[in-house]
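Undergrad: Here's a structure for you.
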Amino acid sequence: MANNILITGGAGFIGSHLAESLLRDTDWKITIVDDLNDFYSPEIKRANLDEIRRSGDFQFFETDIRNFDSLKSVFDETEFDCIVHLAARAGVRPSLSHPRLYAETNITGTLNLLELARDYEVPQFVFGSSSSVYGVNEKVPFAEDDRIHQTISPYAATKAAGELLCHTYSHLFKIQCICLRFFTVYGARQRPDLAIHKFARLITEGKPIQLFGDGTTRRDYTYIDDIISGVRAAIDYDASAYEIFNLGESETTELSRLIELLEQNLDMKAVVDRQPMQPGDVPVTYADISKAKRLLKYNPQTKIEDGIPKFVEWFRNAEARTK
């Protein structure tokens with residue numbers, strides 16, 4: 001089991017929850033790298049760091065993963081047992097406008113970390129990938145051995161490239177690499193640009209929410225606690241040199257149903273502004289999690305009907321603190 005761990009993107013949504021979870025176990029030493037960029041408010045990320053500190057101490061470096069020399073200085077200070085690489089430029093739609101930035105961060109940044117893992121002999125690398133790599137795959141549910149040659153956004157392409165880099169470094173340099181394909185993660189501290197958080201904010205403000213398409217697109221929404229259990233199982237996994245795992249709930253929810261659940265739990269009606277489908281959006285995501293169940297003992301517990309009330313409780317408390 002790894003004890004000295006580097007979490008890139010540790011001030012973000014998934015990373016901050018992972019750091020908290022690990023710090024609750026007293027034998028973990030945590031180092032966080034995050035550039036606190038302005039994709040969304042850096043103040044949100046600083047607040048996430050404050051939340052982590054409630055669970056224990058950690059090292060923090062405000063570092064851009066594109067900067068190899070700056071990253072190298074982090075490795076000069078600590079001998080890591082494991083890297084959990086969650087830092088990335090995220091989001092399908094913004095990647096259409098800024099493909100070069102996405103490539104530089106998600107591909108070059110990942111390469112920098114793998115090079116440093118090789119140079120400093122870090123034995124384990126856990127990579128945060130995405131369900132978006134499946135693209136317009138018509139076979140559902142999506143399984144890890146499906147072909148991923150139909151990506152339809154630069155973001156998805158960069159995540160697929162990251163997986164290939166992991167495989168290459170695992171093969172050449174004997175770094176154990178585990179790639180985790182996350183399926184639409186939600187819960188407390190979810191990024192404000194993601195649908196559930198954005199919809200909740202607009203509904204409470206009485207502003208229209210943009211619904212792209214006819215509301216029948218489906219997503220495999222995965223509660224943050226279930227994702228963290230999967231990431232921690234991946235950190236502990238040592239049975240093979242390279243693996244890919246889907247981490248989802250293995251259930252799909254239509255967009256129109258998601259809005260209904262938010263309306264019910266917020267006790268407010270949404271104003272819907274219907275828009276055409278957006279380039280890069282896929283019609284469905286749906287995880288086959290049989291492999292993760294078998295090898296990681298991954299067993300998601302939170303259905304969307306239970307997760308949305310938990311999110312809304314956090315959202316209301318967070319909104320109250322800002323007023």
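The values are calculated or read from the model by the stated rules, or taken from the named source; none is laboratory data. Source: prediction; values computed, not measured. Cβ placement follows ideal geometry from the backbone for every residue including glycine, while neighbour counts extend to all protein chains displayed.
Undergrad: Does residue 214 count as at pLDDT below 95, surrounded by fewer than 17 Cβ atoms within 10 Å (Cβ to Cβ), within 24 Å of residue 164 (Cα to Cα) and in contact with a strand residue (DSSP E or B) (Cβ under 9 Å, 6 or more places away or on another chain)?
TA: Values: at pLDDT below 95: yes; surrounded by fewer than 17 Cβ atoms within 10 Å (Cβ to Cβ): yes; within 24 Å of residue 164 (Cα to Cα): no; in contact with a strand residue (DSSP E or B) (Cβ under 9 Å, 6 or more places away or on another chain): yes.
Considered against the rule, which asks whether it is at pLDDT below 95, surrounded by fewer than 17 Cβ atoms within 10 Å (Cβ to Cβ), within 24 Å of residue 164 (Cα to Cα) and in contact with a strand residue (DSSP E or B) (Cβ under 9 Å, 6 or more places away or on another chain), residue 214 comes out as no.
Undergrad: Given the criterion at pLDDT 95 or above and assigned to a helix (DSSP H, G or I), identify the matching residue among 36, 6, 111, 96. Walk me through how you get there before you give the answer.
TA: Details: 36 fails: assigned to a helix (DSSP H, G or I); 6 fails: assigned to a helix (DSSP H, G or I); 96 fails: at pLDDT 95 or above.
After ruling out the rest, the residue left standing is 111.
Undergrad: Only one of 121, 163, 138, 144 is acidic (Asp, Glu), on the phi > 0 side of the Ramachandran plot and either touching a helix residue (DSSP H, G or I) at 6+ places or on another chain (Cβ under 8 Å) or not in a helix (DSSP H, G or I) (or both); which?
TA: Exactly one residue qualifies, and that residue is 121.
Undergrad: Restricting the first residue to region 217-231 and requiring it to be without any contact (Cβ under 8 Å) to a residue 24 or more places away in the chain, which pairs with a second residue that is surrounded by fewer than 20 Cβ atoms within 10 Å (Cβ to Cβ) meet a Cβ separation below 9 Å and a spacing of at least six or different chains?
TA: none
Residue-wise test of (1) acidic (Asp, Glu); (2) in contact with a Phe, Trp or Tyr (Cβ under 7 Å, 6 or more places away or on another chain).
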residue: 152; (1), (2): no, no
residue: 159; (1), (2): no, no
residue: 169; (1), (2): no, no
residue: 175; (1), (2): no, yes
residue: 182; (1), (2): no, no
residue: 187; (1), (2): no, yes
residue: 193; (1), (2): yes, yes
residue: 203; (1), (2): no, no
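Undergrad: So if I check each of 168, 216, 158, 151, which one is part of a loop (DSSP other than H, G, I, E, B), closer than 29 Å to residue 33 by Cβ and β-branched (Val, Ile, Thr)?
TA: Values: 168 fails: part of a loop (DSSP other than H, G, I, E, B); 216 fails: closer than 29 Å to residue 33 by Cβ; 158 fails: part of a loop (DSSP other than H, G, I, E, B).
Just a single option satisfies the conditions, and that option is 151.
Undergrad: Within 30 Å of residue 164 (Cβ to Cβ), without any contact (Cβ under 8 Å) to a residue 60 or more places away in the chain and small (Gly, Ala, Ser): is that true of residue 239 in this structure?
TA: Details: within 30 Å of residue 164 (Cβ to Cβ): yes; without any contact (Cβ under 8 Å) to a residue 60 or more places away in the chain: yes; small (Gly, Ala, Ser): yes.
Yes.
Undergrad: Follow-up. Can we say residue 118 is among the basic types (Lys, Arg), surrounded by fewer than 24 Cβ atoms within 10 Å (Cβ to Cβ) and in contact with a Phe, Trp or Tyr (Cβ under 7 Å, 6 or more places away or on another chain)?
TA: Details: among the basic types (Lys, Arg): yes; surrounded by fewer than 24 Cβ atoms within 10 Å (Cβ to Cβ): yes; in contact with a Phe, Trp or Tyr (Cβ under 7 Å, 6 or more places away or on another chain): yes.
Spelling it out, residue 118 is indeed among the basic types (Lys, Arg), surrounded by fewer than 24 Cβ atoms within 10 Å (Cβ to Cβ) and in contact with a Phe, Trp or Tyr (Cβ under 7 Å, 6 or more places away or on another chain).
Undergrad: Further question: Return the residue satisfying two criteria in turn: it lies in region 64-81 and is without any contact (Cβ under 8 Å) to a residue 12 or more places away in the chain and not polar (S, T, N, Q), and of such residues it is surrounded by the fewest Cβ atoms within 10 Å (Cβ to Cβ).
TA: 69
Undergrad: Can I ask one more? Checking the structure you have, find out if any residue of region 181-197 is modelled with pLDDT of 95 or more, assigned to a helix (DSSP H, G or I) and either charged (D, E, K, R) or in contact with an Asp or Glu (Cβ under 9 Å, 6 or more places away or on another chain) (or both).
TA: No, region 181-197 contains no residue that is modelled with pLDDT of 95 or more, assigned to a helix (DSSP H, G or I) and either charged (D, E, K, R) or in contact with an Asp or Glu (Cβ under 9 Å, 6 or more places away or on another chain) (or both).
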